[in-house]
Each structure stands twice: as C-alpha cells, then as structure tokens.
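First up is the structure itself, then whatever we jot down about it.
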C-alpha cells in the first residue's frame, strides 16, 4: 500500500482483514506524517504486524491485494474515482513500482514512539548537535564548536537515536523534523 499526502482515512470496514494478512507492507510518504490520523493508522498497522516504511515521495496512492487486484486513483492527486486493476501487464507494473519504492524506503519501526511531548524534547545542546548534523558537520567539528569531547557528541547522538526509535542518522533527521525538534528552541 502507498500512503501519500494528503492522507485519506480508510475506514475499518474497507480495511477489514488487512492487518491480519500474512504479509502486510505499507509505504508512507513523509509528508503524510503531518496528519495525526496517518501517524495513528501507521502505529495501529505496525502493532498489528504490518511492516511500515517511510519514503520521501510516492508517485500515487495504491492498494495491492494478493498481487491479483489493485486500487489506483484515476487521476493524480485525487482519491476518487479509483481504477480496479486485475492480473496482467498493468498489475505487474504496479507490483514492480511498489517493490522499487519498497527497496528505497527506510524501515519505520517506531517513528511514533515520541509525540514531541516536553519530556521527549531534546535539550538545547542536543538541538544544537542536530542542527550541526543537518548541516553536514562531523562529530569532531561539533565537539570543537561546543567545547565538548567527540565521545560526548557520539553518546548524545546515540541517545537521540534511541529516543527517536531510529536505526540510522537519516531516520533520526526525519523524526526530528516530523516532531518539530528542529523547528523551535527548547528549554534546557
């Protein structure tokens, strides 16, 4: 399934059984996370056993079921009307498109672990570290700028990654932007 912005809340009646399917894979476009309903739906799907990944951009909304049927909006940027696609060349192309984007996407095991509450917000120093990382600074450069050891910088980054549920620095950056860690200054 491709989930793009703007997020469309699919009712539980329409999605009945999706989470119980042996293999449920959901790709969520980064912009869709601006909608709290998308975050909640992704969290529910992940808790139900679906694999969830995040990607910078998706070409269109898409639902594929058992590789023998798919729903695609008739026009880009719309949700209705939809086309029902059956096995054949178009289905093969949609499955291939999904697989290519799936491989490019990042695992998104717990992007919603923190909701940006005050208890989860980074300290002023951690925000500064994040800003330097976003600019491409090395750990050594950050340490020199902040007059702290390189080991302290590494440890702070690791703690931020744990708090964000991120496995990579890129995932940390996505999380930091999504929950607003870099959009405002926090109190120490």
> Can you name every residue in region 106-131 that is buried (at least 16 other Cβ atoms within 10 Å of the Cβ) and at pLDDT 85 or above?
Replying inline: 122, 126, 127, 128, 129, 130
>> Just to verify a result, which residue in region 1-18, among those that are modelled with pLDDT under 75 and in contact with a helix residue (DSSP H, G or I) (Cβ under 6 Å, 6 or more places away or on another chain), is nearest to residue 105 (Cα to Cα)?
In response: 5
> Which residues, taken from region 19-40, are modelled with pLDDT under 85 and either in a loop (DSSP other than H, G, I, E, B) or closer than 19 Å to residue 80 by Cβ (or both)?
Replying inline: 19, 20, 21, 22, 23, 32, 35, 37, 38
> Applying the selection to region 70-84, what residues are part of a strand (DSSP E or B) and over 16 Å from residue 96 (Cβ atoms)?
Replying inline: 71, 73, 82, 83, 84
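Output the residues belonging to region 167-188 that are in a loop (DSSP other than H, G, I, E, B) and in contact with a strand residue (DSSP E or B) (Cβ under 9 Å, 6 or more places away or on another chain).
Result: 167, 168.
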> Can you tell me which residue in region 132-158 is surrounded by the fewest Cβ atoms within 10 Å (Cβ to Cβ), limited to those that are part of a helix (DSSP H, G or I) and at pLDDT below 90?
Replying inline: 134
>> I'm checking my understanding of the structure. Among residues of region 159-181 that are farther than 18 Å from residue 105 by Cβ and crowded, with 16+ Cβ neighbours inside 10 Å, which one is modelled with the highest pLDDT?
In response: 160
> When you scan region 49-69, how many residues do you find that are outside any strand (DSSP E or B) and within 27 Å of residue 180 (Cα to Cα)?
Replying inline: 7
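The values are calculated or read from the model by the stated rules, or taken from the named source; none is laboratory data. Remember, predicted model here, so these are calculated numbers, not experimental data. When we count neighbours, we look across all protein chains shown, and the Cβ atoms used for this are built from the backbone with ideal geometry, even at glycine.
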